[in-house]
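Colleague: Right, I'll just put the structure down here and ask away after.
Bear in mind that the values in this text are calculations on the coordinates, not laboratory data. This structure is a prediction, so every number in the text was calculated from the model and none was measured. Because the Cβ atoms are built from the backbone with ideal geometry, glycine has one as well, and the counts that use them run over all protein chains shown.
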Amino acid sequence: MNTLNTASLVNLLGFTVGVALYALLLVMVARHRKSKEKFSFDFLLLATAILGLLWNTGELVTTVWKDFGAREVSPVLLAISYSALGFLPSVVVHSAWKNSENVNARLLTFAAYGISLLATFFHFQAVVFSNFAPSDLALRILTVGSLALLAGLLVFNFKQTLENKTVWIAALLVFAFSAFHLSSKGEESSWLVELVAHQSSLPLVLAILLQDFRFAFADLFLKRALSLLLLALAAFGLYVFAAAPLLALHAAHEENDVQAVSITLTFWIATALIYPSLHRFAAWLVDKIILRRADYATLRLEISKIIENQNTIETVLDETCRKLASALTVKESGWIEVAENAANLPAVNFDLRRAEIFVPTAESPFYKIYLENFAGGRRLLSDEIEMLEAVALLASRRVDALRVTGERFGQKIREQEFSRLATEAELRALRAQINPHFLFNALTTIGYLIQTAPEKAFATLMKLTGLLRRVLKSSGEFSVLKDEIELVESYLEIEQARFEERLRVEIDVPEELKNLRVPALILQPLVENAVKHGISKIKFGGTVKISAKLESENAKVFLKINVFDSGAGVNSDELAQNRQKGIGLKNIEQRLKSYYGDAARLKIESEIGKGTMAEIKFPVTFTAKDRPAIRC
């Protein structure tokens, strides 16, 4: 195959593919309007589709007409197609400055359209006066004009990113070369030159799409377009480098049309077989290289890990918004609380500027994540909507989990608070029960002394006054062992006024234990029972012994306090009855249980004729510095 035939084949294939691509773009622009209004189209995309379709259709008809037409191609058709090509650089400039408020940008855009209009004027002037098109003057104007526009973009658009600059610089340079080539009169050119010269509209349309519509047609156009281009290139390569040589070799040996058709069909089938791989490559190229889209499976995993480490609903939603805004190139993002349940509505609502993602929590309040101002005219595609729905589910599950955890924690706190208040109320009631009980017994003693020894009664009354002052002075639930011993000593002094030499008292409490923290009024009921039920029932009286020591058990330190009376003693049945009826003993047991649970105990042993032993045992804590010695 010679150079001219190869160039003709390239042009024919290129124009055919161009018609298909621009027709596809035009259909998609019509189907994906800005809104549901009848004529609400995006001007730049619509202009790009129409101009590219006019250029490629005109050139395709011209190429085919040269082989099959009986007459020359109409110069009007050529003027229309070349004029359409001349307007594409203006659309590129317009897209580069679409959102700019710069005065120079507007002037440059007007200048671009002015150059295109001027070239169009000379094309049709050549048709009217010379019955010829295209106009060489018009093509030279477009060549010089595109270079001038390129210089203007570089000067006035200096702050734009290098990536965007590269796109439209390359597109305008290709167009300038194309216009210069088309204006020359050379008849023969290499197929590469013909490809660049006649297919300059493709770089221009790609520049327009990537400049301001970066994500608008990624799924809908770019992947299909690149797949079609790759398929056309594959078919062209197979024909030029494989099929044509084989057919030429076959023609040199024998004339057999069946074999020639078989060769052609074989390469057609080969082209069909490689299309899936070409389409996958095109999709990868668009996603990873051109648009640099995130891997949504990896993104979901990252968001899941991030929000699992958040401990508040606010941070869960904030982190979700941050990751989505970064992945979807959103300028503004956030979340709002909504009262209504939108479970029956679409999980993702979106338009050209805003997307709302409903977070389907189990109960109110509900939340919506909003994403606004998508970069590059981005539109949400099917896989992105699926990703957003999955992320919304992840966020809702975490929010529900935090709510359940918060409710459980709050309930636990409330239960602990209720338990504390109930315990305090119970202890206050028990303490209030102790005070009048003790006072009643003391007054009974004083009443007895008034009848038998008025002077002792007065002295005892003074001791009782001091005792009550000490008892009522502190309202805390705990005191130190020293205060409890002093309280018991005061009580026993009052009782000794009654029993005189019949009541003997022995107290053995080491000094190092007297600062230990103990429940208030924990000893007085035991001492009172020792006097009332032990000593008072024996004619010659007896001894009340009070002792305290530390014991170690299971790596814990316990304080053990014993109250012994050498009274008459009781059997086990009578002891059980007394424990059931006794107010003071019940009080001690309930208070020990409230403070220490099962770690504390009240033990009472009694034997007739030998006396009664009451023992209190409960855990104590202190610093290592103040830790006293433990007696074995």
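Colleague: Would you mind ranking Trp284, Trp268, Trp335, Trp55 by Cβ crowding within 10 Å, fewest neighbours first?
Modeller: Numbers: Trp284 11, Trp268 14, Trp335 20, Trp55 28.
Ordered by Cβ neighbours within 10 Å, fewest first: Trp284, Trp268, Trp335, Trp55.
Colleague: Moving on. Write down the Kirkwood hydrodynamic radius of segment 475-570, to one decimal in angstroms, obtained as one divided by the mean of 1/r over all alpha carbon pairs.
Modeller: On the way: mean 1/r = 0.0708 Å⁻¹.
For segment 475-570, the Kirkwood estimate is 14.1 Å.
Colleague: Please report the orientation-averaged projected area of segment 291-341, defined via the convex hull of its C-alpha atoms, in nm².
Modeller: Answer in nm², one decimal: 4.5.
Colleague: Turning to a different aspect of this structure: Please give the contour-minus-distance gain from Gln125 to Asn104: 0.36 nm per residue of separation, less the Cα-Cα distance, rounded to one decimal in nm. Don't skip to the answer; put the middle values down first.
Modeller: Working: separation 21, 0.36 × 21 = 7.56 nm, distance 3.10 nm.
Full extension of this stretch gives 4.5 nm more.
Colleague: Which of the trypsin sites (Lys or Arg not before Pro) found in segment 277-342 are loop residues per DSSP with 12 or fewer other Cβ atoms within 10 Å of their Cβ? Walk me through the numbers on the way to the answer.
Modeller: Working: sites: Arg280, Lys288, Arg292, Arg293, Arg300, Lys305, Arg322, Lys323, Lys331; in loops: Arg292, Arg293.
Answer in residue order: Arg292.
Colleague: Ranked by Cβ crowding within 10 angstrom, fewest neighbours first, how are Ile306, Ile616 ordered? Before the final figure, lay out each step's value.
Modeller: Working: Ile306 17, Ile616 24.
Sorted ascending by nearby Cβ count, the order is Ile306, Ile616.
Colleague: In whole Å, what are the Cα extents of segment 453-619 along the three principal axes, biggest one first?
Modeller: Answer, in whole Å and largest first: 53, 39, 29 Å.
Colleague: A further question follows. For segment 453-619, what does the relative contact order come out to in percent, with C-alpha contacts under 8 Å and a separation of six or more?
Modeller: Values: 264 pairs, mean separation 32.0, N = 167.
It rounds to 19 percent for segment 453-619.
Colleague: Convert each backbone phi in segment 495-504 into a coupling constant with the Karplus relation 6.51 cos²θ - 1.76 cosθ + 1.60 (shift: θ = phi - 60°), then list the ³J(HN,Hα) values in order as whole Hz, x for Gly and Pro.
Modeller: Listing the rounded values in order: 5, 5, 5, 8, 8, 6, 6, 6, 10, 10 Hz.
Colleague: Let me ask something else about it. Looking at this model, which pairs from Lys537/Lys581; Lys463/Lys545; Lys482/Lys545; Lys556/Lys617; Lys482/Lys539; Lys514/Lys617 are more than 24 angstrom apart at the alpha-carbon? Provide the component values of the computation, followed by the final result.
Modeller: Values: Lys537/Lys581 18 Å; Lys463/Lys545 21 Å; Lys482/Lys545 16 Å; Lys556/Lys617 12 Å; Lys482/Lys539 32 Å; Lys514/Lys617 15 Å.
Checking Cα-Cα distances, Lys482/Lys539 exceed 24 Å.
Colleague: With θ set to phi - 60°, apply the Karplus curve 6.51 cos²θ - 1.76 cosθ + 1.60 along segment 399-410 and write out the HN-Hα couplings as whole Hz, x wherever there is a Gly or Pro.
Modeller: The phi angles translate into 4, 4, 5, 5, 5, 4, 4, x, 5, 5, 5, x Hz.
Colleague: Still on this model: Residue separation times 0.36 nm, minus the C-alpha to C-alpha distance between Asp598 and Leu246: what's the value? The partial results should precede the final answer.
Modeller: On the way: separation 352, 0.36 × 352 = 126.72 nm, distance 9.90 nm.
The span from Asp598 to Leu246 would gain 116.8 nm if fully extended.
Colleague: Calculated FRET efficiency, Asp136 and Asp318, Cβ-Cβ r, R0 60 Å, to nearest 0.05? Please report the intermediate quantities before stating the final value.
Modeller: On the way: r = 63 Å, r/R0 = 1.05.
E(calc), rounded to 0.05, equals 0.45.
Colleague: What length, rounded to one decimal in nm, is gained on full extension from Gln451 through to Ala401, with 0.36 nm per residue of separation minus their alpha-carbon distance? The partial results should precede the final answer.
Modeller: Values: separation 50, 0.36 × 50 = 18.00 nm, distance 7.52 nm.
Taking Gln451 through Ala401 to full extension adds about 10.5 nm, to one decimal.
Colleague: Calculate the spin-label point distance for Ile274 paired with Val64, positioning each point 7 Å from the Cα along the beta-carbon direction, and give it in nanometres.
Modeller: Inter-label distance under the simple model: 2.6 nm.
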